[in-house]
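Input: a single structure, listed below in C-alpha cells.
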Amino acid sequence: MTRDATTAFARTLVDEWTRHGITDAVLAPGSRSAPLALALAGDERIRLHVHLDERSAAFFALGLARASGIPAPLLCTSGTAAANFLPAVLEAHHGLVPMIVCTADRPPELRDTGAGQTIDQVKLYGDAVRWFHEADVPTDRGGVGAEWRALASRSVAAATGRPAGPVHLNLPFREPLVPTGDELVDAPGRSGGRPWTASAPGVRAPSVGMLDALAHLVADRPKGLIVAGWGAGVLPGTLSRFAEVAGWPVLADPLSNGRVPGTISTYDPLLRDPVFRDAHRPDVVFRVGGPTTNKALTQWLDHTVDQTLVDPDGVWHDPQHAVSGRMDADAELLLGALADAIDVMVDAEWVDGWTRADASARDAIDALIEQWDEPFEGRIARDVVAALPRESALVVASSMPVRDVESFAAPRDGVTFHANRGANGIDGFTSTVLGIAASQASGASEPAGPTVALTGDLCFLHDTNGLLGVAHRGIDATFVVVDNDGGGIFSFLPQADLPEHFETLFGTPQGVDLAALCALHDVPVTRVGAAHEVGPAVTDAAAAGGVRVVLVRTDREANVARHREVWAAVAAAVGT
C-alpha cells in the first residue's frame with residue numbers, strides 16, 4: 001500500500017511546532033513549498049501571514065519574533081526566493097532574534113541539471129545560522145515519524161537557545177506536491193500534546209567568586225558608570241537598585257529598555273563638550289547589552305577606561321577593542337545579586353554631578369527646541385516618545401531616527417523600544433514594524449498597546465512592498481515618517497564637505513510624493529506642518545487604528561545647524 005509521506009512530513013512539522021508554542025508562520029508563495037504551505041494553512045492553531053515579496057516576508061517574521069521571543073516559521077519556494085531571505089537572516093543572527101527559515105528545494109536528482117528555480121541552497125546563509133539541516137526527501141520507512149518530530153523540536157531549541165538566532169531547514173520535495181488522497185505515514189506525537197523534545201534555555205548565574213571580585217571592584221571604584229545598550233536583558237528596577245546601592249549613574253540607550261526616570265538621558269550633548277568629558281571620566285564602567293548607538297559615548301569609552309562587559313551569550317560586543325574584562329553571566333541575575341552583596345560608601349558628589357548636569361541639559365534642550373515650531377528632527381523624536389500611551393511599542397529606524405531618540409528622548413516607562421540594531425540596516429523596516437504590530441495584536445507579546453514607528457523617508461521607501469495588502473491585514477501601526485528628501489545622516493559626516501558630489505552620492509534626494517505612494521496602498525496620511533502638531537497627530541493616529549502615516553517634512557541643512565545649536569546650549573548650561 002502506498003502512503004503519502006510528503007503530506008505527513010509537512011503536517012508533522014507543523015503539529016510539533018505548535019506543541020512548542022508557535023502560533024504564527026509567514027509564507028512567500030511558490031509551488032515547491034506547497035506541502036508545508038498547505039499544512040500551515042490547514043492548521044487552525046497557526047496564523048499564516050502571506051507576503052508576495054520574500055524580503056518583506058522575512059522581515060515580517062523577524063518583527064513577530066522580535067516582539068514575542070517566539071520564532072514564526074518562514075517559508076519560501078526554491079531558487080532566488082531563498083536568497084531574498086538573507087538580509088533578515090543576517091539581522092536575526094546579529095540581533096539575536098529567533099527565526100526558523102524553511103526553504104523548499106528540488107530533490108537531489110534535479111540539482112545541477114538545469115532544472116528551473118534550482119540553485120545550491122545547502123548552507124545558503126553560511127555561518128549566520130545557529131543550525132543548518134537538510135532534510136531527506138520524505139519517504140515511508142520505519143521510525144521516520146520520530147525523526148520528523150525530533151527535527152521540528154531541535155529547530156525550535158536551536159532558534160531560541162542562547163544566543164537566539166536563525167535556523168535554516170532546507171526541505172527537498174518530490175512531486176506530487178499536494179495531498180494524494182492516500183493514507184498518511186503514521187507519525188504520532190507524544191500524549192497530552194507534549195513536545196517531542198522539550199528544551200528550556202538555561203541562564204548563566206554568576207558564581208560566588210565572580211560576585212566577590214565585582215563587589216570589591218565596586219567598593220574600590222566609587223566613580224563608576226553603568227552603560228546599557230540594546231539587548232541589555234535587565235529589568236529597569238534592577239538597574240536602578242544596583243545604581244542606588246553602588247552610587248553609579250546609569251547611561252541607558254532607550255533601546256536597552258532601561259531608560260526610566262532617574263537614569264541619565266542627555267549624555268550625547270554632554271559628552272560632546274570636551275570640558276565635561278574630562279571632568280566626568282569614570283574609574284570603571286559596567287556595560288550590559290550591545291554598544292549604544294551614540295558615537296560620542298562609544299568613543300569616550302576608549303581602552304584607557306576599565307570596562308567590564310556583562311555577556312551571557314558569548315557575543316563579543318566590543319567594536320572599540322576597549323573592554324578589559326568580560327563576565328559570562330545573565331545581567332539581571334548579576335546586578336541583582338551585586339545589589340544585595342555590596343556595602344559601599346557612595347561618592348555623593350559623583351552622583352550629584354551627573355544628575356545636576358543631566359537636569360540642566362534637559363532644561364536647556366527643552367527651552368531651545370520649544371522655540372522652533374518649524375519641525376526639527378530632534379524635537380520630533382522627543383515628542384513622539386512623550387506622546388506614546390503606556391504599553392506602547394516604539395520601533396525606531398536606523399540612521400538618524402535611532403540617534404535622535406537616544407539624544408533627545410526623555411526617560412519614561414511604559415514603552416517597549418525595538419530596532420534592527422544587529423546589522424543596523426534600513427532594509428525591511430516597514431515589514432519589521434508590521435510584524436511587531438501583528439504580534440502586539442495577537443497578544444503573543446507584552447505590552448499589548450499600540451505600535452508606532454519613527455523612520456526617515458529613505459528607510460520607508462526601502463521596503464514599500466511591505467505595504468502590499470496592508471489595509472486588509474487587520475494590523476494597527478502608525479508610521480511617523482520624517483521626510484527630508486534624502487539621507488540626512490550624511491550631512492553630519494565628512495562627506496558633507498564634498499559639495500561637488502555630495503547630493504548625488506550621499507544626499508540622494510528621492511523626490512517621491514510619499515502621500516501619493518501611501519494612497520496607492522489605501523494608507524491614510526496626516527501631514528504635519530508645525531512641530532507642536534506632532535504629538536497630537538501621533539496620539540490621534542494610534543487611537544484611530546489601522547495602518548496610518550504621520551508625514552513631517554524637514555530640511556537637512558537646517559537640521560544639522562539646529563543639532564549644533566543644541567550642543568552649544570547644553571555646553572553653556574552646564575557651565576563649560
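Among the residues that make up the stretch 189-212, is at least one of them out of contact with any strand residue (DSSP E or B) (no Cβ under 6 Å at 6 or more places or on another chain) and among the aromatic types (Phe, Trp, Tyr)? For the stretch 189-212, residues out of contact with any strand residue (DSSP E or B) (no Cβ under 6 Å at 6 or more places or on another chain) and among the aromatic types (Phe, Trp, Tyr): present. Scanning the stretch 17-38 for residues that are free of Cβ contacts under 8 Å to residues at least 40 places away in the same chain and buried (at least 23 other Cβ atoms within 10 Å of the Cβ) yields one hit, ALA37. Summed over the stretch 194-219, residues that are modelled with pLDDT of 95 or more and not hydrophobic (A, V, I, L, M, F, W, C) total 3. Residues in the stretch 9-37 that are closer than 26 Å to GLY192 by Cα and among the polar types (S, T, N, Q): THR12, THR18, THR23. Among the residues examined, THR308 does not qualify as touching a strand residue (DSSP E or B) at 6+ places or on another chain (Cβ under 8 Å), over 15 Å from ALA205 (Cα atoms), of a type in the set (Ser, Thr, Tyr) and modelled with pLDDT of 95 or more.
For every residue, the table says whether it meets (1) of a type in the set (Asp, Glu); (2) farther than 24 Å from GLY336 by Cβ; (3) in the same structural domain as VAL415 (by TED's automatic domain parsing); (4) buried (at least 19 other Cβ atoms within 10 Å of the Cβ).
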| residue | (1), (2), (3), (4) |
| --- | --- |
| ALA246 | no, no, no, yes |
| ASN257 | no, no, no, yes |
| LEU270 | no, yes, no, yes |
| ASP273 | yes, yes, no, yes |
| ARG281 | no, yes, no, no |
| PHE286 | no, no, no, yes |
| ASN294 | no, yes, no, yes |
| TRP316 | no, yes, no, no |
| GLN320 | no, yes, no, no |
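The residue list VAL552, VAL523, VAL538, VAL512 contains one member that is assigned to a loop (DSSP other than H, G, I, E, B) and touching a strand residue (DSSP E or B) at 6+ places or on another chain (Cβ under 7 Å), which is VAL523. If you go through the stretch 266-280 and keep only what is of a type in the set (D, E, K, R) and over 13 Å from ALA568 (Cβ atoms), you end up with ASP268, ARG277, ASP278.
Scanning the stretch 17-46 for residues that are outside any loop (DSSP other than H, G, I, E, B) and touching a Ser or Thr at 6+ places or on another chain (Cβ under 6 Å) yields a count of 1.
Flag not set for ILE380, criterion: in contact with a helix residue (DSSP H, G or I) (Cβ under 6 Å, 6 or more places away or on another chain), assigned to a loop (DSSP other than H, G, I, E, B) and either among the hydrophobic types (A, V, I, L, M, F, W, C) or buried (at least 23 other Cβ atoms within 10 Å of the Cβ) (or both).
Listed by position, the strands (runs of 3 or more DSSP E) inside the stretch 65-156 whose residues that are under 30 Å from ALA393 (Cα atoms) and at pLDDT 95 or above number at least 3 are 74-76, 99-105. Residues in the stretch 221-251 that are without any contact (Cβ under 8 Å) to a residue 60 or more places away in the chain and of a type in the set (Gly, Ala, Ser): GLY237, SER240, ALA243.
Do we have ARG241 as in contact with a Pro (Cβ under 6 Å, 6 or more places away or on another chain) and either outside any helix (DSSP H, G or I) or under 30 Å from VAL344 (Cβ atoms) (or both) here? No. The condition of being crowded, with 22+ Cβ neighbours inside 10 Å, within 31 Å of the chain's Cα centre (by Cα) and in contact (Cβ under 8 Å) with a residue 24 or more places away in the chain holds for PRO206. Can you find a residue that is in a loop (DSSP other than H, G, I, E, B), surrounded by fewer than 19 Cβ atoms within 10 Å (Cβ to Cβ), modelled with pLDDT under 95 and in contact with a Phe, Trp or Tyr (Cβ under 7 Å, 6 or more places away or on another chain) anywhere in the stretch 558-569? For the stretch 558-569, residues in a loop (DSSP other than H, G, I, E, B), surrounded by fewer than 19 Cβ atoms within 10 Å (Cβ to Cβ), modelled with pLDDT under 95 and in contact with a Phe, Trp or Tyr (Cβ under 7 Å, 6 or more places away or on another chain): absent.
Exactly one residue among GLY231, GLY189, GLY202 is under 30 Å from ARG403 (Cα atoms) and assigned to a loop (DSSP other than H, G, I, E, B), and that residue is GLY231. Residues that are small (Gly, Ala, Ser), at pLDDT 95 or above and within 25 Å of ARG527 (Cα to Cα): does the stretch 346-357 have at least one? Scanning the stretch 346-357 turns up no residue that is small (Gly, Ala, Ser), at pLDDT 95 or above and within 25 Å of ARG527 (Cα to Cα). Applying the criterion of at least 1 residues that are among the β-branched types (Val, Ile, Thr) to the helices (runs of 4 or more DSSP H) found wholly in the stretch 245-355 leaves 274-279, 295-300. Here the stretch 150-176 is the region considered, the condition is being among the charged types (D, E, K, R) and free of Cβ contacts under 8 Å to residues at least 60 places away in the same chain, and the residue that is farthest from PRO71 (Cα to Cα) is GLU175.
The values are calculated or read from the model by the stated rules, or taken from the named source; none is laboratory data. If you're wondering where the values come from, they're calculated on a predicted model, not measured in any experiment. Cβ: placed from backbone, ideal geometry, glycine included. Neighbour counts: every protein chain shown.
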